[in-house]
1. Name, by its number, the condition in (1) away from every other protein chain (no Cβ under 14 Å); (2) buried (at least 16 other Cβ atoms within 10 Å of the Cβ); (3) modelled with pLDDT of 95 or more that does not hold for residue A:28.
2. Is it true that residue C:19 is in contact with a strand residue (DSSP E or B) (Cβ under 7 Å, 6 or more places away or on another chain) and over 18 Å from residue C:134 (Cβ atoms)?
3. Do the conditions hold for residue D:231, that is, is it in contact (Cβ under 8 Å) with a residue 24 or more places away in the chain, under 30 Å from residue A:165 (Cβ atoms) and out of contact with any helix residue (DSSP H, G or I) (no Cβ under 8 Å at 6 or more places or on another chain)?
4. Considering region A:114-125 alone, what residues qualify as being without any contact (Cβ under 8 Å) to a residue 12 or more places away in the chain and either more than 9 Å from every other protein chain (Cβ to nearest Cβ) or buried (at least 24 other Cβ atoms within 10 Å of the Cβ) (or both)?
5. Against the definition (closer than 22 Å to residue D:131 by Cβ and part of a helix (DSSP H, G or I)), how does residue C:178 come out, yes or no?
6. For region B:70-86, state whether one or more residues are touching a strand residue (DSSP E or B) at 6+ places or on another chain (Cβ under 6 Å), free of Cβ contacts under 8 Å to residues at least 60 places away in the same chain, part of a loop (DSSP other than H, G, I, E, B) and under 26 Å from residue B:147 (Cβ atoms).
7. Kindly establish whether residue C:173 is in a helix (DSSP H, G or I) and farther than 15 Å from residue D:178 by Cβ.
8. Determine whether residue C:223 is more than 14 Å from chain A (Cβ to nearest Cβ), assigned to a helix (DSSP H, G or I) and in contact (Cβ under 8 Å) with a residue 40 or more places away in the chain.
């Protein structure tokens, strides 16, 4: 208790929100969940039923005094139910939501970008990007989010530039960022709800580690970034600032959280 | 004959290419087809079987001495066949390809962005964006394009900024532009083939005129653009320059062809 | 006293910094100064000697328990002295710095962009942009900022797109943002100090109100921004978040704080 | 003579223009001059008196049947005179203009970005960026350019991202690109004259070779660019296309001509 008083800035006091994508303690979403609660928020956790079987999300739920609502985000009915159950749990509207979901079937199954299986591509878009639209649309239609609420999605700079191994996830992230802009417009008009994406450094998570050549890439990004790569904990801090009232007029943005990688053309370390 | 000699700069002499999306004489693709031939190229025309029944593409084929290969671009087998038949017709590899295909089911059926039917969204992405990947992948795998060939897709600035009525087509264009970057990387490495998108002014075409509030928007864009809106004919000219050897090192770009709209924050005409 | 405890999140506890550009209570810098102190920081105020004669900065200094160091930022010696005096006052290094300085001679004297007097343009760049480089260079050379310190400059979207009346200030802001990127690289490498710019909505300040047609423009921007224009107070909140430890890995960025203006292509209000 | 007929596409037939910055046969401007004439144009060459003493511009003038008008572009009177003499030579208005001028005093004299001498910085901006404004303003005020004329400046991606050795030239190029946008707006409104910048690969020219670590950098850029670095000749081709009538509605753009460097986040060659 004393610890919490000392560490907390109470940035999310009296706020409530949904956190998706906490698989294990390496997940960015896991850190976000912990920090949200540290900052005074109440949360609902959600993840795919299959991810929950592998994951340790129960520990997190206990630690953060949260409920877990399993949800396959490719199924719109389950997404609608997620919002209903969250409102029921919170006793009304909530204030923030994190989308931290992404998976590429073609990458996972080793098919290169020049030989995509298109059924898989649709599935990839559905899981990684349309799920964001579904979650927001469900909230919008059910009027689930308080005025000045804040919605975040996690993305990657491959939406802007080519990172060859990222493959069809580039398009998924391009969709995700476009959804943030477009729904940010509509939800901003209706309820002053803002929608943004955070474009995070490559991060050693259980999900991220599946991508080919990932270690080499992490080390390259580290050398290119004046502050080094941002880790999951720093990303969670940034999410907190974006959920807080200190950023109320920021919307429809893609915010790079990457130690300066995005605007470094070349570093002396890489040149050498 | 004399007229052609006078008008032509022979920019595409000895070049061959595929032009998709010529519906009628208002289509940008129609103008591109005419100008390609004027500039010395041989072409293959393609369109969806359903569009051909409505269209006047036979007149164009006759005028441009082209064959027509019907192709439903959502069907990968038909796309592969399109490339086979084109190579057969040309007697080998070709040099350029235009993607000018787009249609949104949710827009057409009047569902707003905040109430998308997701099956339709997938269909929209498939028609408007994944078709571009399919066409390029087919060429890549069949080694159908000569070194330094040029591939173009037509897009719209809604991929960068919100134009509320453009709805899910925003995401479609974001995908399209991402595909240009990503395949531009891979095809550039393999065969020096470049891939770009042209982001065109709103244009009064038979396809464009389906979008809600389009006339108001055309007039707004006209007022915002220092040179006025670019028309279909100017766009075709720009396509010619991008197919020509004068732009050989331009790749993975999204090129605004819009009379300056994209970088005008506000014009005096709009402010008044 | 009680009020402050309730309102404060202690985001800047034990942090120290320099705030430039507080002219009167309409100034963004004025609000930043107040909020910095509310959040637990100690500050030094600075402004041009001439601005101080017109201004009410003494009231602010009293209220925020700050000292004032007059400084003509076009004179590098005075800038070096500002840093020396600040370090002396703080008893060592400090943590943050706000640049909020801008003035165009050609605009003020009514010369249009198509008839610039170039001596004035140099002076404009010097006041509005090179002053930022000078302030950072002085800190860098004197090792005046603690590791993970945060430097901010205020800018405007005219650096990216044309707003005709903004004239040569467009170039000034382009310089300013480029300095943030470039010094962000060097200072990040050396001391993990981050440098960013905040691109703020048009704001009714004493400085801003000098620009021609400003009221029409404010109203246009209001209609284009889904959340409306961001005001000076919201901007100050955002500055606080950027000075805090919640944004430690954000550097070399230009951050739009504008209610969504920057990514709205057109709004229904403007179209109508 | 026969050779010219075969090679030329007559893209600039009956067009006239000013080419600045041709120092020797390695210069991009030199190639542009040659190709302009090949494509049917008449040209005026200009360069700084001091550069002409070192240069071989007389050979170029002879070869291209051009006159040379010496001009120190930091002196507005000389710029006005350049436009007068060009109009006199052409017997009236002209159609295009190339700005290919840049030099950094701090770089040349070995002062790092973190220790700029600001007098030199002003001089650098004056030579490398304000000269562009002066040349355009002189044309605008004297009504020297035909409707639909085309003005180009050469720039570099350091205006967007940090390349540490490029130093204060980053800001110079940021100014240059901002001038293209802003004057593009005004000149577009008045005479449909378009203004663009071409952001070129690092190029081995006599000017470029002065920059520290340039060879390493050229080789890095080569590995990052799917098509390799664009050379001076390809750049000249691209300039021709931008002066031609095939690109009439392109204005206020910064056009990357770099083999794909700008949108490659990392290449497999660099990662290895």
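The values are calculated or read from the model by the stated rules, or taken from the named source; none is laboratory data. In this text, all values refer to a predicted model and were calculated from it rather than measured experimentally. Note that each Cβ is placed from the backbone with ideal geometry, even for glycine, and that neighbours are counted across all protein chains shown.
1. (1)
2. So residue C:19 fails the test.
3. Against the criterion (in contact (Cβ under 8 Å) with a residue 24 or more places away in the chain, under 30 Å from residue A:165 (Cβ atoms) and out of contact with any helix residue (DSSP H, G or I) (no Cβ under 8 Å at 6 or more places or on another chain)), residue D:231 qualifies.
4. The one that is without any contact (Cβ under 8 Å) to a residue 12 or more places away in the chain and either more than 9 Å from every other protein chain (Cβ to nearest Cβ) or buried (at least 24 other Cβ atoms within 10 Å of the Cβ) (or both): A:119.
5. yes
6. yes
7. No.
8. Spelling it out, it is not the case that residue C:223 is more than 14 Å from chain A (Cβ to nearest Cβ), assigned to a helix (DSSP H, G or I) and in contact (Cβ under 8 Å) with a residue 40 or more places away in the chain.
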